[in-house]
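Below: one structure, written as structure tokens.
The values are calculated or read from the model by the stated rules, or taken from the named source; none is laboratory data. Small disclaimer: the values here were computed from a predicted structure and weren't measured. With ideal geometry, Cβ positions are generated from the backbone for all residues, glycine too; neighbour counts draw on all protein chains shown. Accessible surface areas use protein heavy atoms only, side chains included; no ligands, DNA or RNA. Shrake-Rupley method; radii C 1.70, N 1.55, O 1.52, S 1.80 Å.
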Amino acid sequence: MKYHINIGLEVHVELLTQSKLFCGCSTKFGAPPNTHTCPVCLGLPGVLPVINKKAVEYTLITALALNSQINKNCRFARKNYYYPDLPKNYQISQYNEPLAKGGWIQIKVNGVTKKIGIERIHLEEDAGKLIHGTEVQNLQDKDWSFVDYNRAGIPLMEIVSRPELASPDEAYEYLVTLRKILRYLRVSDCNMEEGSLRCDANISISSEKGKMGVKTELKNMNSFKELREGLWEEVRRQSELLDRGEKVVQETRLWDSRAKKTYLMRGKEEAHDYRYFPEPDLPPLSIDDNWIEKLSASLPELPQQRFERFLKQYRLPEYDATVLTDSRDLADYFEECVKLFPKPKLVSNWIMGDFMRLLKQEKLASIKISPSGIADLLTEVEKGTLSIPMAKEVMEEMFRTGKGVTQIIEEKGMKQISDEESLEKMAQEVLRENPKAVKDFQKGKYQAVKFLVGQLMRKTKGKANPQLANRVIEKKLKEYK
Amino acid sequence: MDNIYELSAHEICKLIRRKEVSVEEVITSQFNRIEKVEEKIKAFLSLYKEEALDEARQWDKKISQGKKIPPLCGVPIAIKDVICIKDKLTTCASRILQNFRPPYSATVIDKIKNAGCIIIGKTNMDEFAMGSSTENSAFQITYNPWNRETIPGGSSGGSAAAVAGREVPIALGSDTGGSIRQPAALCGVVGLKPTYGRVSRYGLVAFASSLDQIGPLTRDVTDCALLLKIISGKDKMDSTSVNYPVPDYLEYLIPDLKGVKLGLPREYFVEGIEKEVREKVMQATKVMEDLGAEIEETSLPHTEYAIATYYLIATAEASSNLARYDGVGYGYRSKEKLDMIGMYKKTRREGFGDEVKRRIMLGTYVLSKGYYENYYGKAQRVRTLIREDFEKAFKKFDALITPTSPTVAFKIGEKIDNPLQMYLSDIFTISANLAGIPGISIPCGLGRNGLPVGLQILGKPFDEKTILRIAYAYEQNTEWRKMRPEI
């Protein structure tokens, strides 16, 4: 690649507050249109905004986690533009006095660690949603559009990176890392499908390192994959222009995921003049040191720190630590298990294996199997009560029913036969029933042992402890006259 | 009693408590008066006769049962049509809201209702409170009860005229640059703009958010103090309202001015002010001196920039505040079936009047890229200087005395085609809004053509009690409070 790439991301996430940013309406997703609205979020004449403290708190927590500097006297500003999903035709946002400035996120791409600078973090209200006539069934006149204001006023946090991402892959990794952090902080569920995470990109290329080219803004990437694809396509388009000796024009472009192309949305001269000015309905927000200190103290361990600790404290391979720290809930779950069954690698194997496979369909918070259930299960395996395949079956049952290990073993009569005396009796029978195999053994064909052990397992319906079965067969063969 | 409508609110309260009149009699008397003179004044956009009488009878029932009644029980009140009352038309005298009924009430409405007031109707105003003559109403012109050829002032002209015409004893108005005080002056009544943050703005349809305040219009200072106490206080629905104790203003109403230091800012007695206005105000200061006040000339050096500053800040905020009237969710929408932009344009073209459009355009311009710093930014800095002028003056003085308006009521149509001339009628009231300080206008005599002259008293932030005290002392020692238009 002969060009240097500079990408900056503007990430919007909906915060997980119970109520909207400036009124008491619910933020729950998926309610019937316009049921989560009130005079304030509908922007009726005469209403005034009242700031949601929790939303400010979530933004502060994020700022602390991203090493940003909190602006102790920040302000809201009005961003003025006309669109039917915006009830007041201005959005209460922040302009030159955001809640936090600066900071960085550490990402790792192809084994190389890199710090990506954060420009700013601010808080704003979301807009509603337009539903166009063409999307509505049984509508005669398809020219009409409808507005659902349920989303209007939901708190949005905007995190703007510096243009320091040097490839679409770095941009992808940045977004993944940021999402992981935000989920750890429990400030957003960062669900791109439900729109609780949205991402626009600025991208420019340049043949000289350290020099910025003309940037384009890229919108409408609806998944992590599309972000990477869209950016690569834009790199390709811009490279071709420069190759041909043409210039990149500053403009906003839309990604079309079907055509895998970017299209012009609006040129620089059509860019909005948002006529920002300080929001007169809200006094400046002053954030006192006590609050910041309290939030700092309650900040959870972040994914990177936790990953490193897992390597050290539990001596896990990097792969295991990466998987286990992918979400805060999973890491918590793992640690709970290890507390009760202190063999980290064994626990890790079980969690990363069947547990994760079973988890696919469910949320960790709502599953029926508890860490102590896992610990009980592994204890039984260790004692030899359960074979590995048995344990897997039990785990599935625990997932499904929430029953305890002992109960399942009893109900299914699954106890492994580890009682030597009764096994010996059965081994004796096996030898008697298979004289040919015994003869083979006596001729020196060791293979026959395997066959006889298999026969013993069959006789016990697989419940025999495999090592024990082996030993008993060998012993009986030697004694066999 | 057939002249109850002549009484002030505190007198009505007294009679009701003594059971000398029933609430129903009060309301009936008021509506009889309205039926007689409203045709000539045209102060109201809505009247709620049946409802008001129903409420009156309910109070009477409670009174007869010996139940406890609230402080302003049975007092009729009129509300400027810029304040939301649940399910009642709230038009802001604009076509764009001509059918708008808010699903909620302003905080002040809840407060006056809890205090026992009976809302009898909503009053005319300049569209969206933009104007100084009430001629910018989309629906009707209101006439000054003193002389039907003249305007009542504005933008709370309907409220001022209704109080002056004894259609109602007290009313609420809103004041962004003088919209309570100037019409009060021109109609010969008392009008007070509280400190910014003293009264909740929740439910007041915004014109310029950093300047708007709701306040009382009454026929005497006592009523003004009574009503102010009811509507004041921190409201959790308005983040700009301030948690500062609300005193019982009545306790401060004493009829002398011993030890009170008053300043006369020389910038308020300049060219362009009518001779009679100056004379009346100067005579008033003599009265105050006789009552024990110390009076001295002073200076507010940045006064000359107030109007320019105001018309940058107020229009900028208005351009954004009025953006919501777009025909999408409520209010007027053009009947033509157009695309989105077409609907916006046509709706706003048909829905807004000229003055509102003028201010929206001006405000949009001053916030635009490349102009913001030179206009809005600079205006904010000058605003700070104006505020500092007052802070300095208030280190020395308890209050400042000025005329409320440079002229008495002018003729209908006289300034409607000359916006700059119209803007100048607020020259003495605007600074108080920019500085956020309280101001009261009280009658101080008759000027040119026998029309009322208003005296303005400006006070320190949250020191409404002092300006009320000064106003009261002056009022009690002069005869102007008995002045009534002949209507």
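Tabulated data for the structure shown
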read-out: Between the stretch B:26-88 and the stretch A:248-314, the alpha-carbon center distance in angstrom; value: 53
read-out: Structure-based [θ]222 nm, chain A - -39500 (n - 2.57) summed over DSSP H runs of at least 4, per residue, nearest 500; value: -12000 deg cm²/dmol
read-out: Estimated distance in nm for a label pair at residue B:244 and residue A:313, the labels positioned 7 Å out from Cα along Cα-to-Cβ; value: 5.3
read-out: Chain-alone versus full-assembly comparison, the stretch B:306-322, residues with accessible loss of at least 50 Å² (1.4 Å probe); value: B:320
read-out: Accessible area of the stretch A:55-120 divided out per residue, in Å², using a probe of 1.4 angstrom; value: 38
read-out: The stretch A:420-479 - charge dipole about Cα centre, Lys and Arg +1 at Cβ, Asp and Glu -1, debye rounded to 20; value: 240
read-out: Chain A: angle of helix A:303-314 to the longest principal axis, Cα-based, in degrees nearest 10; value: 20
read-out: Table column - 3J(HN,Hα) (Hz), the stretch B:114-130, Karplus curve with 6.51, -1.76, 1.60, x for Gly and Pro; value: 4, 7, x, 5, 10, 7, 9, x, 10, 9, 5, 6, 6, 3, 6, 6, 9
read-out: Chain B - mean residue ellipticity at 222 nm from DSSP helices (-39,500 (n - 2.57) per run, n ≥ 4, rounded to 500); value: -11500 deg cm²/dmol
read-out: Loop-located GluC sites (Glu not before Pro) in the stretch A:162-198 whose Cβ has at most 11 other Cβ within 10 Å (DSSP); value: A:193, A:194
read-out: Gyration tensor (Cα) of the stretch B:14-102, equivalent ellipsoid semi-axes in angstrom; value: 28, 16, 10
read-out: For the stretch A:390-457: relative contact order, % (alpha-carbon pairs under 8 angstrom, 6 or more apart); value: 19
read-out: Listed residues B:288, A:457 arranged by accessible area, highest first, probe 1.4 Å; value: A:457, B:288
read-out: Solvent-accessible area of residue B:163 with every protein chain in place, 1.4 Å probe, in Å² to the nearest 10; value: 0
read-out: About the Cα centre, charge dipole magnitude for chain B (Lys/Arg +1, Asp/Glu -1 at Cβ), debye; value: 1140
read-out: Shielding score for A:34-46, defined as the mean number of other chain Cβ atoms within 10 Å; value: 5
read-out: The stretch A:200-357, relative contact order [Cα under 8 Å, separation at least 6], %; value: 13
read-out: Within the stretch A:286-337, trypsin sites (Lys or Arg not before Pro) in DSSP loop having at most 16 other beta-carbon neighbours inside 10 Å; value: A:315
read-out: Rounded to whole Hz, the Karplus (6.51, -1.76, 1.60) HN-Hα couplings of the stretch B:399-415, x for glycine and proline; value: 6, 10, 10, 9, x, 7, 9, x, 9, 7, 4, 9, 6, 4, x, 4, 10
read-out: Solvent exposure ordering (accessible area, 1.4 Å, most first) of A:212, B:125; value: A:212, B:125
read-out: Sequence of A:478, A:88 when ordered by accessible area, the most exposed leading, probe 1.4 angstrom; value: A:478, A:88
read-out: Radius ratio Rg over Rh of chain B, counting only Cα atoms, Kirkwood formula for Rh; value: 0.96
read-out: Excluding exposed DSSP-loop trypsin sites (Lys or Arg not before Pro) (at most 10 other C-beta within 10 Å), longest clean stretch of chain B; value: B:69-257
read-out: Residue A:132 accessible area, assembled protein chains, probe 1.4 Å, Å²; value: 70
read-out: Between A and B, accessible area buried - total, square angstrom, nearest 100, 1.4 angstrom probe; value: 2900
read-out: 5 angstrom amide H check on residue B:44, placed H, neighbours 5+ away; value: B:124
read-out: Debye equation applied to the C-alpha atoms of the protein assembly as shown, log10 I(q)/I(0) at 0.08 Å⁻¹; value: -0.86
read-out: Accessible area expressed per residue, chain B, with surrounding protein chains retained (probe 1.4 Å, Å²); value: 36
read-out: Karplus-derived 3J(HN,Hα), 6.51/-1.76/1.60, for each residue of the stretch B:457-471, Hz, glycine and proline x; value: 10, 9, x, 6, x, 6, 10, 4, 4, 6, 5, 5, 4, 5, 4
read-out: Within 10 Å of each Cβ in B:324-333, the average number of Cβ atoms from other chains; value: 5
read-out: Amide H within-cut-off set for residue A:146, under 5 Å, with H built and near neighbours excluded; value: A:131, A:132, A:133
read-out: 5 angstrom amide H check on residue A:162, placed H, neighbours 5+ away; value: A:117, A:118, A:119
read-out: Percentage relative contact order, chain B, counting C-alpha pairs under 8 Å, at least six apart; value: 18
read-out: In the stretch A:152-249, the trypsin sites (Lys or Arg not before Pro) that fall in loop regions by DSSP, at most 15 other Cβ within 10 Å; value: A:186, A:209, A:211, A:244, A:247
read-out: Accessible area of the protein assembly as shown belonging to carbon and sulfur atoms, whole % at 1.4 Å probe; value: 50
read-out: Non-local Lys pairs in the stretch B:339-487, i.e. 8 or more apart or on different chains, that have alpha carbons under 24 Å apart; value: 16
read-out: Neighbouring partner chain Cβ atoms per residue of B:343-349, average, 10 Å criterion; value: 1
